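K.L.:
Sharing a structure below in structure tokens format, with a few things to ask.
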Amino acid sequence: MNIHEYQGKALLKSFGAPVAEGVPVFKADEAEAAAKALPGPLYVVKSQIHAGGRGKGKFTELGPDAKGGVRLAKSVADVVANANEMLGNTLVTKQTGPAGKQVNRLYIEDGADIERELYLSILVDRSVGRIAFVVSTEGGMDIEAVAHDTPEKIITVAIDPEKGVTAADLKALNGALKLDGDAAKDGDTLFPILYKAFVEKDMSLLEVNPLIVMKNGRLRVLDAKVSFDNNALFRHPDVLELRDTTEEDEKEIEASKYDLAYVALDGNIGCMVNGAGLAMATMDIIKLYGAEPANFLDVGGGASKEKVTAAFKIITRDPAVKGILINIFGGIMKCDIIAEGVIAAVKEVGLEVPLVVRLEGTNAELGKKIINDSGLNVVSADDLDDAAKKIVAAVKG
């Protein structure tokens, strides 16, 4: 689960991290009071969407010469003018896709005198099985571009879970970021705070880009991108309250009600699979044969008929879907349960696109018989390769 920048900063501030004063704004007529509540005279007006690249983004309704989604303002009047222009309009960034996201919230923040911009993130480094800091002196830039062009400028420091952030880790981080004096002292305090927040709140990603050294030599968290492990949210009702469903795909919201692992994609072949690994393989083979998956959907190992029915409905509600591939390898999941769920869903919502089904494993023959006896226009497949070829051919006509 993702949260907005202002929510992430409030969370980090509660752990003791240095952040600027700021006020979230939901309506344009709140902007003046928000700005007046801050020290000024420099303000930053920030669009709050769940996507990066806001500063370089463009508002589709405002023309090619309009400023981006993060703007400096030198007066209260300037803050108000920017708020009126930004709220309710669609911001397109590299991470939103061409459709963009409507800006429904702003964050009015006190400006900062920036000396240097740094990059810092904390994530789970699966290569070493530990939480790790990833830092670079090249903050404020696309970290992907830095990784591609100058990978030597990105330093990873893995943290021993039994020891936490040690003095040696602090020395390594300060050295990697070229911090000294007050900035290094601030780093000695800040890095353990960020690690503590990451662990205690079950985060999957904490990205600060940029982390700044101000002209007075002190550190400040200037941005905060925070994602949480969905599987741990039951432990954090306070975090769950921060969820903004307007930033999420409606199909993903519906899937979460049934505990389905669903991610919307840009293709036109809907996929229903059991098991994350098999789902990834299914998407890969669809791409291999020249098409694109419309979703990742893992119904899990112990799905009920009702859960399968819900999954099928979610796929068919996507207008981009021109064909559906069901790929089930029955272990705990029984193929006849899948078959019954699919038939129930088709009877309720209809079937207007090609459907290819590959069933293998527990009760596979029974599942195939249920589908064959249903009278549905379903194409059966012998294996995954055969299934992918058939659905791609059907979609391409």
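FYI, it's all coordinate maths here, none of it is from the lab. Model, not experiment: these values are computed from the prediction. Note that we place each Cβ from the backbone using ideal geometry, even for glycine, and neighbour counts take in every protein chain shown.
K.L.:
In cubic angstrom, how much convex hull volume per residue do the alpha carbon atoms of the chain span? Intermediate values should be presented prior to the final figure.
P.N.:
On the way: hull volume 65.6 nm³, N = 397.
Value for the chain: 165 Å³ per residue.
K.L.:
Nearest 0.05, what FRET efficiency do residue 216 and residue 33 give at R0 = 35 Å with Cβ-Cβ as r?
P.N.:
Details: r = 28 Å, r/R0 = 0.81.
Result of the calculation: an efficiency of 0.80.
K.L.:
Please report, in cubic angstrom per residue, the volume enclosed by the convex hull of the alpha-carbon atoms of the stretch 21-110.
P.N.:
Working: hull volume 7.1 nm³, N = 90.
Expressed per residue, the convex hull around the Cα atoms of the stretch 21-110 is 79 Å³.
K.L.:
Run the simple label-point estimate for residue 376 and residue 240 please: 7 Å along Cα→C-beta, distance reported in nm.
P.N.:
With each label point 7 Å from Cα toward Cβ, the separation is 3.2 nm.
K.L.:
Looking only at Cα atoms, what is the convex hull volume of the stretch 97-253 per residue, in Å³? Don't skip to the end; give the middle numbers.
P.N.:
On the way: hull volume 24.7 nm³, N = 157.
Expressed per residue, the convex hull around the Cα atoms of the stretch 97-253 is 157 Å³.
K.L.:
In the stretch 166-279, how does Rg compare with the Kirkwood Rh, expressed as the Rg/Rh ratio over alpha carbon atoms? Please list the in-between numbers first.
P.N.:
Values: Rg = 19.4 Å, Rh = 17.4 Å.
So for the stretch 166-279, dividing Rg by the Kirkwood Rh gives 1.11.
K.L.:
For the stretch 192-231, just the Cα atoms, rotate onto the principal axes and tell me the three extents in Å, largest first.
P.N.:
Result, largest extent first: 41, 17, 7 Å.
K.L.:
Could you tell me which trypsin sites (Lys or Arg not before Pro) in the stretch 1-64 are loop residues by DSSP with no more than 14 other beta carbons within 10 angstrom of their beta carbon? It would help to have the intermediate numbers written out before the result.
P.N.:
On the way: sites: 9, 13, 27, 36, 46, 54, 56, 58; in loops: 27, 54, 56.
Those that pass, being in a loop and sparsely packed, are 27, 56.
K.L.:
Moving to a separate point now. Using only Cα positions of the stretch 65-125, each an equal point scatterer, no hydration layer, compute I(q)/I(0) via Debye at q = 0.20, 0.27 Å⁻¹ and quote the log10 values to two decimals.
P.N.:
Evaluating at q = 0.20, 0.27 Å⁻¹ gives log10 I(q)/I(0) of -0.96, -1.16.
K.L.:
Longest segment of the chain with no chymotrypsin sites (Phe, Trp or Tyr not before Pro) in a DSSP loop having at most 16 other Cβ atoms within 10 Å? Write down the numbers at each step before the final one.
P.N.:
Working: sites that count: 26, 289.
Here the longest run is 27-288.
K.L.:
Still on this structure, I have one more. Using helices alone, what [θ] at 222 nm do you get for the chain, with -39,500 (n - 2.57) per DSSP H run of 4 or more residues, divided over all residues and rounded to the nearest 500? Before the final figure, lay out the partial values.
P.N.:
Values: 13 runs with 138 residues, N = 397.
For the chain, the value works out to -10500 deg cm²/dmol.
K.L.:
Along the Cα→Cβ direction, 7 angstrom out, place labels at residue 84 and residue 278. What is the inter-label distance in nm?
P.N.:
5.8 nm
K.L.:
Let me ask something additional. On the first, second and third principal axes, largest extent first, how far apart are the outermost C-alpha atoms of the stretch 157-206 in Å?
P.N.:
32, 17, 14
K.L.:
Taking R0 as 45 Å, what's the FRET efficiency between residue 259 and residue 162 from their Cβ-Cβ distance, rounded to 0.05? Mind showing how you got there, number by number?
P.N.:
Numbers: r = 33 Å, r/R0 = 0.74.
With a Förster radius of 45 Å, E is 0.85.
K.L.:
Hey, another quick one. Could you calculate the contour length gain from residue 61 to residue 95, that is, 0.36 nm times the residue separation minus the distance between their Cα atoms, to one decimal place in nm? Kindly include the intermediate steps, with their values, before the conclusion.
P.N.:
Values: separation 34, 0.36 × 34 = 12.24 nm, distance 1.83 nm.
Using 0.36 nm per residue and subtracting the Cα-Cα distance, I get 10.4 nm.
K.L.:
For the stretch 308-397, list log₁₀ I(q)/I(0) at each q in 0.11, 0.16, 0.22, 0.23 Å⁻¹, using the Debye formula over Cα point scatterers of equal strength and ignoring solvent, two decimals each.
P.N.:
-0.27, -0.58, -1.13, -1.22
K.L.:
Starting from the stretch 165-199, pick out the trypsin sites (Lys or Arg not before Pro) whose DSSP state is loop and whose Cβ has at most 14 other Cβ atoms within 10 Å.
P.N.:
Numbers: sites: 171, 178, 185, 196; in loops: 178.
Here the sparse-neighbourhood loop sites are 178.
K.L.:
If you look for lysine pairs in the stretch 21-110 that are eight or more places apart or on different chains, how many of them have Cα atoms under 19 Å apart?
P.N.:
19
K.L.:
For the stretch 21-53, run through the GluC sites (Glu not before Pro) and keep only the ones in DSSP coil with at most 15 other Cβ atoms within 10 Å of their Cβ.
P.N.:
On the way: sites: 21, 30, 32; in loops: 21.
Those that pass, being in a loop and sparsely packed, are 21.
K.L.:
In whole Å and largest first, what semi-axes does the C-alpha gyration tensor of the stretch 249-395 yield when each eigenvalue is scaled by 5 and square-rooted? List each step's numbers first, then the result.
P.N.:
Numbers: eigenvalues 70, 61, 45 Å².
They are 19, 17, 15 Å, listed from largest to smallest.
K.L.:
Moving on. If you project the alpha carbons of the stretch 1-57 onto the principal axes, what extent comes out on each, in Å, largest first?
P.N.:
31, 30, 20
K.L.:
Run the numbers for residue 153 and residue 15: contour at 0.36 nm per residue of separation, minus the present Cα-Cα distance, in nm. Walk me through the numbers before you get to the answer.
P.N.:
Details: separation 138, 0.36 × 138 = 49.68 nm, distance 2.87 nm.
Here the segment from residue 153 to residue 15 would lengthen by 46.8 nm.
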